[in-house]
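Peer 1: One structure is given below, represented as structure tokens, and several questions about it will come after.
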Amino acid sequence: MSRKNIEQQVTKAVWSQPVSDLHTHSYPPKFGASPAPGALLLWGIDELVTYHYLIAEVFRVVPATKLPYDKFWAMRKQEQADHIWKHLFVGRTPIGEACRGVLTTLERLGLDPNEKSLKPYRKWFARQDPDKYIDKVMTVANVDLITMTNPVFDDHERGLWEKVPGIGQDPRFAAVLRIDPLLRNWSGACGKLWTWGYQARPDFSGRTVDEVRRFLAYWLDKMKAVYVAMSLPPEFRYPDPNNPAGDRFIREILMPVLAEGRRPWAMMIGARLRVNPGLQDGGDSVGSADVMSVVNLCRDFPQNKFMVTMLARENQHELAASARKFGNLLPFGCWWFLNNPSLVQEVTRMRLELLGTTFVPQHSDARILDQLIYKWEHSRRVIAKVLADKYVDLEQSGFKVTAKHIRADVALLLRDNYREFIGR
């Protein structure tokens, strides 16, 4: 097959293949839709423009010495959005990936991305029904499943799960049980569990192990969660001589519960929180993590499955090389600071060369529903380019690449590897 034919077949396959998005922070309407107070379904132009990527970026243009952080946070959301639009989209060329993403989203929705004011966009979004708009976004992005992130230790979200009938039964969404405090703050988590009726003690005495297992089993079943997730700092270690409670939680509670339920543990490792507290969510940064801790887990618990993404570019090669040794390890996505086309291309190419098609190249991590559109469009373009190059390499080795090969590979990368790993 010629390069031109390969590129045509890859483009057709990549753009026609529905994506099952492995990790987002998007929700169905029953969780409340913005701009309602406490809403978890965030959508629309003001949410898009005030995303924390862009908040951090605008403070590089208008620094805190000119607009103090507290004054910015005291603004109404529309005022924040107008400020960002003025300085990042009108006053300067919006060439950065976060800015470009907003423009791609607007254009794919049929809107002119060259407006000097947000008023025309606000008028258009005001006419949309949130539930129908989810369908529209999924159609435009060609996404067939949105995987949520559901932090059970968040009092507001846990209350919704307990009070709203049928809250997790939207077939467009899959739930994920997120339990960071059980590893990052065991003592504090035990205190909360005790108030919820679980006899959990920081020293593991009494019925602690059975009670925390009961807690996890209850919420896995209630949510019908497809995996358990944690975001972990660069300093995460297993085993960790400085955190014996964390080691015991992993060995005696988490691993047995997940093995019994045949659910993976998804670890997102490498976020260094609040290096600049004034930026709030935008103030987090990145640190290189310890891949050997992942290796230790995969080796010590062969009956368990692990989905891992790491934030630092420096970790990507070692993580991929480690995945060659363990079939129970699924590397996934280019997370956060890696979700830039140049790095997505580099990481995807390296993973294909080391792992074949046995990984998940991307997830959206979309906190704003509309971001599904640009994150998947931009990623598809890069993935298609890398795949086309690798198929040309195959042809030069004498292997005859067919359209069937290409369709099958693309289905694995964008949907089936994830679905098979979670048993869905």
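Peer 1: Here is a list: 268, 223, 255. Which entry is under 19 Å from residue 333 (Cβ atoms), buried (at least 16 other Cβ atoms within 10 Å of the Cβ) and under 24 Å from the mean Cα position of the chain (by Cα)?
Peer 2: So the residue among 268, 223, 255 that is under 19 Å from residue 333 (Cβ atoms), buried (at least 16 other Cβ atoms within 10 Å of the Cβ) and under 24 Å from the mean Cα position of the chain (by Cα) is 268.
Peer 1: Right, something else. For segment 1-41, give me the residue count where each residue is touching a residue at least 24 places away in the same chain (Cβ under 8 Å) and among the small types (Gly, Ala, Ser).
Peer 2: 7
Peer 1: Every residue in segment 133-154 that is of a type outside the set (Ser, Thr, Tyr) and assigned to a strand (DSSP E or B), please.
Peer 2: Within segment 133-154, 143, 144, 145, 146, 150, 151 meet the criteria.
Peer 1: When segment 20-58 is examined, which residues are found to be in contact with a His (Cβ under 9 Å, 6 or more places away or on another chain) and part of a strand (DSSP E or B)?
Peer 2: 21
Peer 1: Considering segment 311-344 alone, what residues qualify as being among the hydrophobic types (A, V, I, L, M, F, W, C) and either more than 25 Å from residue 96 (Cβ to Cβ) or assigned to a helix (DSSP H, G or I) (or both)?
Peer 2: 319, 320, 321, 323, 326, 329, 330, 336, 337, 338, 343, 344
Peer 1: Answer with yes or no whether residue 102 is among the β-branched types (Val, Ile, Thr), surrounded by 15 or more Cβ atoms within 10 Å (Cβ to Cβ), closer than 30 Å to residue 60 by Cα and within 23 Å of the chain's Cα centre (by Cα).
Peer 2: So residue 102 passes the test.
Peer 1: In addition: Restricting attention to segment 330-339, and to residues there that are on the phi < 0 side of the Ramachandran plot and surrounded by 17 or more Cβ atoms within 10 Å (Cβ to Cβ), which single residue is nearest to the chain's Cα centre (by Cα)?
Peer 2: That would be 335.
Peer 1: Given the conditions (1) in contact (Cβ under 8 Å) with a residue 40 or more places away in the chain; (2) surrounded by fewer than 23 Cβ atoms within 10 Å (Cβ to Cβ); (3) acidic (Asp, Glu), and given that residue 420 satisfies all but one, which numbered condition is not satisfied?
Peer 2: (1)
Peer 1: Further question on the same structure: Mind checking which residues of segment 37-61 are touching a Lys or Arg at 6+ places or on another chain (Cβ under 9 Å) and surrounded by fewer than 21 Cβ atoms within 10 Å (Cβ to Cβ)?
Peer 2: 52, 61, listed by residue number.
Peer 1: I would also like to ask the following. In segment 266-289, which residue that is in contact (Cβ under 8 Å) with a residue 24 or more places away in the chain and part of a helix (DSSP H, G or I) is farthest from residue 312 (Cα to Cα)?
Peer 2: Per the stated criteria, the residue is 278.
Peer 1: How many residues are outside any loop (DSSP other than H, G, I, E, B) and either surrounded by 19 or more Cβ atoms within 10 Å (Cβ to Cβ) or among the hydroxyl-bearing types (Ser, Thr, Tyr) (or both) when one looks only at segment 361-383?
Peer 2: Matching residues across segment 361-383 total 11.
Peer 1: Quick check on my filter: what residues within segment 350-384 are basic (Lys, Arg) and within 22 Å of residue 419 (Cα to Cα)?
Peer 2: 351, 367, 375, 380
Peer 1: What pairs come up if the first residue lies in segment 241-262 and is more than 21 Å from residue 218 (Cβ to Cβ) and touching a residue at least 40 places away in the same chain (Cβ under 8 Å), the second is of a type in the set (Phe, Trp, Tyr) and assigned to a helix (DSSP H, G or I), and their beta carbons are under 7 Å apart, counting only those six or more places apart or on different chains?
Peer 2: Cβ pairs passing all conditions: 245/186; 246/186.
Quick note: the coordinates plus some simple rules give every number you see, no bench work behind them. Predicted, not measured: the structure shown is a model, and the values here were computed from it. Here the Cβ is made from the backbone with ideal geometry for all residues, glycine too, and neighbour counts use every protein chain on show.
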